[in-house]
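Just so it is clear, none of the values below were taken in a lab; they were calculated from the coordinates. A quick note: this is a predicted structure, and the numbers were derived from the prediction, not measured. Methodologically, a virtual Cβ is constructed for each residue, glycine included, from the backbone with ideal geometry; neighbour enumeration extends over all protein chains shown.
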Amino acid sequence: MSRRKILSLALALTLTLPLLSACHGSRTRQGFTIPDTFDGSKTINLVFWAKNDTNKNQTAVYRQAIDDFQKIYPNVTIDMRLYADYGRIYQDVITNISTDTTPNICITYPDHIATYLTGDNVVTPLDGLIHDEKFGLGGTEVRFDAPKPEEMVPEFMEECKIGETTYAIPFMRSTEALYINQDFVEKLGYKVPDILTWDFIWEVSEKAMEKNEDGTFKLNGQNVLIPFIYKSTDNMMISMLKQLNAPYSSEDGEVLIFTDTTRALLEEIYTHAKSRAFSTFAVSSYPGNFLNAGQCVFALDSTAGATWMGSKAPMMDIHKEQVVDFTTVVRPIPQFNPDHPQMISQGPSVCIFQKTDAQEVLASWLFVQYLVSNDIQLGYAETEGYLPVTLKASESAEYRDYVSRKGEDNSEHYNIKIDASELLRAHTADTFTTPVFNGSASLRSAAGQMVENVTKSARRKEAISDEYFTKLFNDVTSLYRLDQIGKAGEEAADTSMKELPGETKALLIAIPAIWIVIGAVQLVQLKKNRKKKEN
Amino acid sequence: MEMNKKSSRLSKALIYVFLTVWALIVLFPFYWMILTSLKDFASYNTEYIPKFYTTNPTLQNYRDAFTAVPLGRYLLNTVIFTVATTGLMMIVIIPAAFAFARLEFRGRSLVFALFLSLMMIPTELVIITNYVTIVNWNMRNTYLGLILPSVTSIFYIYLLKENFEAIPDELYSAAKVDGTSDLKYLLRVMVPITQPTIVTIAILKVIECWNSYVWPRLITYDKNYFLVSNGIQEIRENGFGKENIPAMMAAVVVISVPLIVLFLVFRKKIMAGVSRGGTKG
Amino acid sequence: MKKNNLKAWLYLLPAILFLGVFMVYPLIDVCVYSVEENYNFARQSYTGIGLENFRHVLSDPYFVQALKNTFLIVIITVPLSTGLSLLIALGLSSIKPLKNLYQTIYFLPYVTNTLAVGLVFMILFKNTEYSQAMVNLLITKFGGTGVDFIEGPYWAKMFVMCFYTIWVVMPSQILILTSALASVNQDYYKAARVDGASSGRIFRKITLPMISPTVFYLIITGFIGAFKAYSDEVALFGTNLNAAGMNTIVGYVYDMLYGDSGGFPGYAAAAALVLFAIVFTITYINLAMSKNKVQYM
């Protein structure tokens, strides 16, 4: 085919590109208005995406909720799809936004909802629904016993607001807690206080590193001991900064985390990671495994991990023969200021997605309401160290009874689990959340990443210095594109030509150069062929 | 003669050593996999230092693999998917390779170059658009949705074309003189001659379909349409609280067995050197 | 030499249909995305048309790292795997007893699920709190000092990566080479042996030229495959490849598609097009070289 034809084809293609780009425009979605009545004769199919903690009891609660709800509203069927982690749910929702095939109801985090909200009318705002007389929380037309708005725990409801609008309903709440091997602490000559300080925990951890002559640890006589393991490094950095009132981010999405305070915290972590007194989940493994085997003193995990902690834990990953007997106590996370404890509030929330059929959205909302009704709240909360999100549930006689029977058995009434949820109940007013904006999830990961990197560097015996921290901050900024999220992202993109790194410059020069050479060689060949033909 | 025998024996021995060393390197991970599948879940987790053997082997993992997830159903789905995709692929690529190798037509080199360039597109790129397409055609959770995007593989068109091209022109001219149509020539002469390659391609495609993971995961969420790879992931994620590696290994072993059997059955066909001499004399 | 236009296009039609819908159309889609700036899956809108995506990708240090990693993997694994496969295929074709056994063994990696095998490799090479990795144990037995292959220095990670890639890629190469060797007309060999040619000569003058189309095919597709490396990395190092410093270009594309802030198909598309340009260039060079060297008998 002649070269001219190729060129014209290429030209045509490049010209049509801008036209085609119109295909990627946004689909218009309608807003939602609450219908007057719920149409009980219309068949409605809902899709519910839930997170599955690999705890079969929790899956059973969901199934029971679906079955019961379908009995109450026979025209509605619900399909549940279980996911192993929030990240996957997030990915799939994003993919499905573009094809308008989002689920109806979804267990999610406000951080993620902030991203979904960048499209128009993707997630349904809930304020109107919550306070609606007929269909709102505990409304007149709701066919089951649902909590009224004032019966929801106010702190938890606040967390689900993005800006001034509520976009989610809290489903379960948890916080982080220390699971402490009390015997070990006392063996080291200390007493476990009501509220631990960071200094205390570092001190005790370092003391625990003493070894015998044969290399085993004095504390447990084993070859392995990591005194302090923190599962979620994201929360670690965030909590430390919050306790010091140090900058992390602002409500409107400014990234403020790269400060001297952050650096000082990282340096402290480095010291203890270097002596191996401290480690993280990503580096070592799940804290519960070490704790239960007598290889850890302070295991820090969510209260929703309580059933994995302790000598008699109902859920365990390690073999019975490895479990060591000890007394476990539950405490709030370490504090800088024990008089004013602060701990993070976390746990799944539920949101509903906008659909064209208002009845469908209404049915989704009713199912969400069902999820915060007492039976479900109690059922799910009792599977782990969760706290129900309604006062109606947590102050009910049934729940009080459940709590009072702590220690009766090592499954439903496992004492550590109940201790953990009671800890959250006692400290509900001390909990906090971080500002939610598009990209807040990235910032959170970045915070955790810094702790991980510092820990890994400590283990590799890399030295830290000014350059180290400048590089760390830069790496993390590019890794999570922190200079484009939130406020920074919304400001006009900086179009000043950033210097292209050497490698890409080389690439940009090499490829055209190669093609020029190829072109030249072809031309020479052509000339040779023509000469041959002529001869 | 003595020297020749010695040196050839030595070189034979060296060859064997070389082959054995690599064979061991290849085998070791499998040995590990089978070993793990026979280990008790609890004892697997307690092995601080990985053991090369197990004191009490158990078949429990195999039972778990089939009960934790409907592995049997997934196997059936995978078979349907594989057979359909491979069959369709043959119908598509054999004529295409023939066109490139044998038929003169305008734009042949350009079109071939375009095909080749498509080969360089990584799947991760096309996957999102294909997802949108399949959703728009309402083909999620269907066999068609699984099969259609997986049918064509340019790698195999290319390979087959090379093989077709290697068949001497004289055979073609002879057939033409006899008045054979192109289609008959293709089916009666070229395909049988390149049978080793075609069987190889079929087997490679079967394996590709068998292990396919990303695409099925994306477009199916109805368990009735899951493939075995989804099944393995399920076992990995839902196994009794944490990653049940032994059960996962058991599932993997089970899933690999049909493929090994397939290879063993067809090995002779692949290795059979069909003499290309048709123009002797 | 008849011109078979209509017939040829008819033969090509099924292939063109499938490719058109599932490859060409997405490719155009990708090109469109690459010039839409700041497109966001969640937002479903973009701010303008231009080359901003390319600029962003090309100045992203993680893209540069991915570029380096990918090039390294390609340069190391393709020659090594093709060479080794050739040696093995030759070795196989020259022995009779146990040949079937060896062939089956060599083919095993291909037959098994890569996710599972990657996991096994990770276990073999990763140091845990409790013990050194199996491989390190072996190394220390022979008197060396172990190295953390999964979490340790860059060269160790690269080594495991290349080793695993070669391990995974070889079975199909061996298979293809073996069938190519088997297709060589035995008469040529007989004639050569009657003439008294040495094995080396037979190899260079008969075997190699006869299988040269296949060898070049393997080199070309080997390059292309190695440039697309991604899932093997994930099997070994988990999904956060950037943190491990082991990302590849395709990995970068994938990360961009599912970014924490809504997915950036624009950046993904730009990176993919850069990859495409590189691979296209190299393949063209390979093809040109193969035209010179390959002979059809």
I need the calculated FRET efficiency for the pair A:Thr470 and A:Thr271, taking r as the beta carbon distance and R₀ as 30 Å, to the nearest 0.05. 0.95
Peptides A:351-363, C:277-289: what's the order by average Cβ count within 10 Å, highest mean first? A:351-363, C:277-289
Taking R0 as 56 Å, what FRET efficiency do you get between C:Ile75 and B:Ala13 from their Cβ-Cβ distance, rounded to the nearest 0.05? 0.95
Any idea how far apart A:Leu508 and A:Asp401 come out in nm if each label point goes 7 Å out from Cα toward Cβ? 7.3 nm
Residue-averaged 222 nm ellipticity for chain C, from DSSP H runs of 4+ at -39500 (n - 2.57), nearest 500: -23000 deg cm²/dmol
Enter the mean number of other protein chain beta carbons within 10 Å of the beta carbon of each residue in A:228-241, as an integer. 0
log10 I(q)/I(0) for the protein assembly as shown, Debye formula on C-alpha points only (no solvent), q = 0.06 Å⁻¹, two decimals, reads -0.53
Once you put a point 7 Å from the Cα of C:Phe203 and another 7 Å from the Cα of C:Leu13, both along the Cβ direction, what distance in nm separates them? 5.0 nm
Return the average number of partner chain Cβ atoms within 10 angstrom of each residue Cβ along peptide A:314-321. 4
PRE zone check, label point 7 Å out along Cα-to-Cβ of A:Lys42, amide N under 19 Å, scope the range A:357-391, hits A:357-369
Computed over chain B: longest principal axis from alpha-carbon atoms vs helix B:228-238 long axis, angle to nearest 10 degrees, is 20 degrees
Shielding by other protein chains, A:191-198, mean Cβ within 10 Å: 0
Reach of A:Lys191 by Cα under 21 Å, taken over lysines that are not fewer than 8 positions away in the same chain: A:Lys207, A:Lys218
Say the cut-off is 22 Å between C-alpha atoms; which of B:Lys39/B:Lys205; B:Lys268/C:Lys96; A:Lys42/A:Lys355; B:Lys39/C:Lys126 go over it? B:Lys39/B:Lys205
Can you pull the one-decimal nm distance between simple spin-label points at B:Arg63 and C:Met289, each 7 Å off the Cα toward Cβ? 5.8 nm
So how do A:85-94, A:223-232, C:180-189 stack up, highest first, on mean other-Cβ count within 10 Å? A:223-232, A:85-94, C:180-189
Would you compute, from DSSP H runs of 4+ residues alone, the mean residue ellipticity of chain B at 222 nm, taking -39500 (n - 2.57) per run and dividing by the full residue count, rounded to the nearest 500? -23000 deg cm²/dmol
When a/c reaches 1.5 or more, the comparison of a/b and b/c decides; with that in mind, is the range C:31-293 rounded, prolate or oblate per its Cα gyration tensor? oblate
Between A:Asn121 and A:Asp409, what length comes free when the chain is fully extended (0.36 nm per residue of separation minus the Cα-Cα distance, one decimal in nm)? 98.9 nm
Ranked highest first by the average count of other Cβ atoms within 10 Å around their residues, in what order do C:147-158, B:193-204, A:379-390 fall? A:379-390, B:193-204, C:147-158
Going by the alpha-carbon gyration tensor, a ≥ b ≥ c the square roots of its eigenvalues, is chain A rounded (a/c under 1.5) or, if a/c is not under 1.5, prolate (a/b greater than b/c) versus oblate? oblate
Suppose R0 equals 56 Å. What FRET efficiency, 1/(1 + (r/R0)^6) with r the Cβ-Cβ distance, do A:Ala426 and C:Leu101 give to the nearest 0.05? 0.25
Among B:Pro246, B:Pro168, B:Pro95, which one shows the highest mean-square fluctuation when chain B is modelled as a Gaussian network with alpha-carbon springs under 10 Å? B:Pro168
